[in-house]
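Taken together, the values in this text are just the output of simple stated rules run on the coordinates, not laboratory data. Just so it is clear, the model here is predicted, and its values are computed rather than measured. All Cβ positions, glycine included, derive from the backbone under ideal geometry; neighbour counts span all protein chains shown.
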Amino acid sequence: MSTVHFVGAGPGAPDLLTLRGRDLLEQAAVVIYAGSLVNPALLDYTKKGSEIHNSAEMTLDEVIAVMTTASEQGKKIVRLHTGDPSLYGAIREQMDRLKALGISYDICPGVSSFCAAAAALEAEYTLPGVSQTLIITRAEGRTAVPEGEKLSALASHGATMVLFLSAGMLDKVSAELIKGGLSPETPAAIVYKASWPEQQILRGTVGTLAKLGAAEKTALVIVGNVLGDEYELSRLYAPDFTTAFREGRP
Ligand code: SAH
């Protein structure tokens, strides 16, 4: 019985895959990739003759069946998920099924798209004097969101927010954020396909979000005053701040 390796594919650019992830892909005999989002260019890392499955066309049962057969045959299996598998990756249900079947697995983290979006925006999500918190969430669509996590409730914190899976509901996003207390003037951005050659950045405000872009699947909505111009300098690098590594000067 061989191990199933869950691998974070990164946000899209093939060279934003981790070295461990690349090694695993190169060695894999069977690859199941999330074809709706993973850049197919990543499959260039696989060896010739490897068996490739696109999970976008499969059910959970079918994915588990491919893993089970390959594991019984002692083949190296990679399950490739976009970004980091821990975010909206639906890996828990796969891991629990594998556990029940006695098939071992491990997880190789990846660069999440929210990190690639920050890089594209040249943004720091946690600016002193502005926000020290990043809320990763989604608007409610076909997947329900727990009551305490409605966008309006989360917006009331005024923290930086990154919205996954929400670019098709910009009207609703905008209205919920304003309902939660954000000013319509709060800076906002949409990043399409961060790190892909077709990457696109649209900047606006919470109030103008819906006018910024057409509904596109592979996009993140970033909201918060960290996208604005005002912030405080860090204490860490202030001349008068003493740390374990540096004596502050008055
Ligand atoms: N595990 C992934 C997220 C999967 S959910 C991660 O860590 O990034 C799918 C959603 O992720 C998409 O609807 C979109 O909101 C976002 N997404 C994934 N890749 C993206 C990219 N390159 N640019 C912008 N958004 C992306």
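Taking the Cβ of LEU170 as the center, what net charge do the other residues with Cβ under 15 Å away carry, scoring Lys and Arg +1 and Asp and Glu -1? Don't skip to the end; give the middle numbers.
Numbers: positive: ARG138, LYS172, LYS179, ARG203, LYS211, LYS217; negative: GLU140, ASP171, GLU176, GLU216.
Net charge in that neighbourhood comes out at +2.
Springs between alpha-carbon atoms under 10 Å, Gaussian network over the chain: tell me which of THR160, THR126, THR143 tops the mean-square fluctuations.
THR143
Show me, for the range 47-53, the HN-Hα J-couplings you get by feeding each phi into the Karplus relation (A = 6.51, B = -1.76, C = 1.60, θ = phi - 60°), rounded to Hz, glycine and proline as x.
My calculation for the range 47-53 gives 7, 4, x, 6, 8, 10, 10 Hz in order.
Does the range 145-233 classify as rounded, prolate or oblate by the C-alpha gyration tensor (a ≥ b ≥ c root eigenvalues; a/c under 1.5 gives rounded; else a/b over b/c gives prolate, otherwise oblate)?
oblate
Could you list, in their original order, any pairs among LYS76/LYS193; LYS76/LYS217; LYS75/LYS99 whose Cα atoms are separated by more than 28 Å?
LYS76/LYS193; LYS76/LYS217
With θ set to phi - 60°, apply the Karplus curve 6.51 cos²θ - 1.76 cosθ + 1.60 along the range 232-243 and write out the HN-Hα couplings as whole Hz, x wherever there is a Gly or Pro.
Each residue's phi maps through the Karplus curve to give 9, 5, 5, 6, 3, 9, 6, x, 8, 9, 8, 10 Hz.
Given H placed 1.01 Å from N in the peptide plane, which residues other than close sequence neighbours of ALA9 have an amide H under 5 Å from its amide H?
Amide H neighbours of ALA9, under 5 Å, 5+ apart: HIS81, THR82, GLY83.
Can you work out ³J(HN,Hα) from phi for every residue in the range 164-170, in order, using Karplus 6.51 cos²θ - 1.76 cosθ + 1.60 and θ = phi - 60°, giving whole Hz and x for Gly and Pro?
Each residue of the range 164-170 in turn: 8, 6, 10, 5, x, 10, 5 Hz.
For ARG203 and LEU19, compute 0.36 nm times the residue count separating them, minus their Cα-Cα distance, and round to one decimal in nm.
Extending this stretch completely gives an extra 62.9 nm.
Which percentage, to the nearest 5, of the DSSP beta bridges contained in the chain is antiparallel?
So the antiparallel bridges in the chain amount to around 45 percent.
Can you classify the chain as rounded, prolate or oblate using the Cα gyration tensor, where a ≥ b ≥ c are the square roots of its eigenvalues, rounded means a/c under 1.5, and otherwise it's prolate if a/b beats b/c and oblate if not?
Prolate, because a/c is 1.5 or more and a/b exceeds b/c.
Describe numerically, in nm with one decimal, the distance between label points set 7 Å from Cα along Cα→Cβ at ASP61 and at ALA238.
6.2 nm
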